[in-house]
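Student: I'd like to ask some things about the structure below.
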Amino acid sequence: MTPTVARLSLFALLLLGNGLLQAKGNDPAIASDLRSEVGLASKQGGPLVIIYSRRDCKYCETVKRDYLEPLANNPRYRDRVVIRQINQDSDAILIDFQGNPTTHARFAASEKIKLVPVVAFYGPNGRTWAEPIVGARLPDFYQSYLEDSLDRAIGGLHSK
């Protein structure tokens, strides 16, 4: 790898870590350093919310557009949670909760993600603070599932 390519790769990784580089459209920022991202979420008093997704998943797009994007703008949650995306079908580099390098695909497999979308709620050290929401579920109730899980995760963080 040439020095220029290495610098550009590092710059892209830094942009990803700061949430400045988006997956596409209004998707959540792509996860790059889970240890750092969960630390930021904890400082804000909330969980790190991760959506596990795939490029070819129409249900994932629905969850991101109809539930996570509004959540990110909801005054009740926007300053308390950090939302990131992990792509189950990506070999993008990812730093795990212990600071070890891996890829999105390997991390998703280590978390036993088989079907997507999955929305998971993490606290310090990668500990889960609420049951993940698996699948798109019923549209009439999804927002309630999401808010209930968030409230449980926030409650778990505050009672630790």
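The values are calculated or read from the model by the stated rules, or taken from the named source; none is laboratory data. As the structure is a prediction and not an experimental result, all values here were calculated from the model. Please note: Cβ atoms are built from the backbone with ideal geometry, for glycine as well, and neighbour counts cover all protein chains shown.
Student: Of the residues in region 86-100, how many are free of Cβ contacts under 8 Å to residues at least 40 places away in the same chain and more than 25 Å from Gln44 (Cα to Cα)?
Tutor: Counting residues in region 86-100 that are free of Cβ contacts under 8 Å to residues at least 40 places away in the same chain and more than 25 Å from Gln44 (Cα to Cα) gives 4.
Residue by residue, here is whether (1) within 15 Å of the chain's Cα centre (by Cα); (2) within 17 Å of Arg35 (Cα to Cα); (3) at pLDDT 95 or above; (4) among the basic types (Lys, Arg) holds:
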position: Asn87; (1), (2), (3), (4): yes, no, yes, no
position: Ser90; (1), (2), (3), (4): yes, no, yes, no
position: Leu94; (1), (2), (3), (4): yes, yes, yes, no
position: Pro101; (1), (2), (3), (4): no, yes, yes, no
position: Ala108; (1), (2), (3), (4): yes, yes, yes, no
position: Val119; (1), (2), (3), (4): yes, no, yes, no
position: Trp129; (1), (2), (3), (4): yes, yes, no, no
position: Leu150; (1), (2), (3), (4): yes, no, no, no
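Student: Quick check: is even one residue across region 89-101 of a type in the set (S, T, N, Q) and outside any loop (DSSP other than H, G, I, E, B)?
Tutor: Checked against the condition, which is being of a type in the set (S, T, N, Q) and outside any loop (DSSP other than H, G, I, E, B), region 89-101 yields no hits at all.
Student: Would you tally the residues in region 52-69 being over 13 Å from Leu115 (Cβ atoms) and either touching a residue at least 12 places away in the same chain (Cβ under 8 Å) or crowded, with 21+ Cβ neighbours inside 10 Å (or both)?
Tutor: Total meeting the criteria: 8.
Student: Please verify whether Pro117 is touching a Lys or Arg at 6+ places or on another chain (Cβ under 9 Å) and either of a type in the set (S, T, N, Q) or within 19 Å of Leu68 (Cβ to Cβ) (or both), treating the condition exactly as stated.
Tutor: The answer is yes for Pro117.
Student: Considering only residues that are surrounded by fewer than 21 Cβ atoms within 10 Å (Cβ to Cβ) and touching a residue at least 24 places away in the same chain (Cβ under 8 Å), look in region 131-146 and name the one that is farthest from the chain's Cα centre (by Cα).
Tutor: Only one residue tops the list, namely Pro139.
Student: Exactly one condition in (1) exposed (fewer than 15 other Cβ atoms within 10 Å of the Cβ); (2) more than 20 Å from Ala29 (Cβ to Cβ); (3) in contact with a helix residue (DSSP H, G or I) (Cβ under 8 Å, 6 or more places away or on another chain) is not met by Leu115; state its number.
Tutor: Of everything listed in (1) exposed (fewer than 15 other Cβ atoms within 10 Å of the Cβ); (2) more than 20 Å from Ala29 (Cβ to Cβ); (3) in contact with a helix residue (DSSP H, G or I) (Cβ under 8 Å, 6 or more places away or on another chain), Leu115 misses just condition (3).
Student: Residues to consider are Ile83, Ile113; find the one that is in a loop (DSSP other than H, G, I, E, B), within 23 Å of Phe141 (Cβ to Cβ), in contact (Cβ under 8 Å) with a residue 24 or more places away in the chain and of a type in the set (Val, Ile, Thr).
Tutor: Result: Ile113 is the single residue among Ile83, Ile113 that is in a loop (DSSP other than H, G, I, E, B), within 23 Å of Phe141 (Cβ to Cβ), in contact (Cβ under 8 Å) with a residue 24 or more places away in the chain and of a type in the set (Val, Ile, Thr).
Student: Hey, can you tell me all the residues within region 120-130 that are in a strand (DSSP E or B), more than 14 Å from Leu68 (Cα to Cα) and either aromatic (Phe, Trp, Tyr) or touching a residue at least 12 places away in the same chain (Cβ under 8 Å) (or both)? Spell out how you get there, then give the answer.
Tutor: In the first step, residues of region 120-130 are kept if they are in a strand (DSSP E or B); the result is 120-122, 128-130.
Right, trim to more than 14 Å from Leu68 (Cα to Cα) and you get 122, 128-130.
Matches in region 120-130: Tyr122, Trp129, Ala130.
Student: Check whether at least one residue in region 59-69 is assigned to a loop (DSSP other than H, G, I, E, B) and under 12 Å from the mean Cα position of the chain (by Cα), and report yes or no. Explain how you work it out, then say what you get.
Tutor: Kept after step one, since they are assigned to a loop (DSSP other than H, G, I, E, B), are these residues of region 59-69: none.
No, region 59-69 contains no residue that is assigned to a loop (DSSP other than H, G, I, E, B) and under 12 Å from the mean Cα position of the chain (by Cα).
Student: To continue, here is another question. Among the residues that make up region 22-44, is at least one of them farther than 18 Å from Asn100 by Cβ, at pLDDT below 50 and either part of a loop (DSSP other than H, G, I, E, B) or among the hydroxyl-bearing types (Ser, Thr, Tyr) (or both)?
Tutor: yes
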